[in-house]
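In what follows, a structure is listed as C-alpha cells, so that the remarks can point back to it.
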Amino acid sequence: MPLIFADANAEAWPLYLLEPDDVAVWVAQQDDETRHWVQASSFKGAIGSVLMVPGAGGMPRAVLLGYGTAAQRARHRFVLAAGVAQLAP
C-alpha cells in the first residue's frame, strides 16, 4: 500500500502522541477548556487510547493518542495502529 500524504492545504488536526508520564505535562500547558476536557475524560496515555479534543462548534481541534510506556511498547507490535483504528473518519 503506497503512502499518501494529505495536501499541504488540507484541514488537519494536530495529533499528540503521549506517554502516561507526559499527559500531565501536556495538560498543564493547555487552556482551561482543554485541561478540563482531558481531566474529565480520564485520558491516561495508555496504548491505543484516543481522545478527540473538541473545539468551537463541536468540531475536533486536536487528537490525543496514547503511546504507553517504553516497557509496554517493547511487548506490543503496531502500537500506533491500535489507536489509529479508533479515530473518527
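The values are calculated or read from the model by the stated rules, or taken from the named source; none is laboratory data. No experiment lies behind these values; they were computed from the predicted model shown. Quick reminder, even Gly has a Cβ in these numbers, built from the backbone with ideal geometry, and neighbours come from all protein chains shown. Calculation scope for accessible area: heavy atoms of the full protein, side chains included, ligands and nucleic acids excluded. Shrake-Rupley method; radii C 1.70, N 1.55, O 1.52, S 1.80 Å.
Annotations for the structure displayed:
- Residues considered: 38, 25, 53, 84. Of these, the only one that is closer than 19 Å to residue 11 by Cβ and modelled with pLDDT of 90 or more is 53.
- Filtering 84, 25, 50 for residues that are open to solvent by 60 Å² or more (accessible area, probe 1.4 Å) and touching a strand residue (DSSP E or B) at 6+ places or on another chain (Cβ under 8 Å) leaves a single hit, 84.
- Boolean, residue 83 is assigned to a helix (DSSP H, G or I) and of a type outside the set (D, E, K, R): yes
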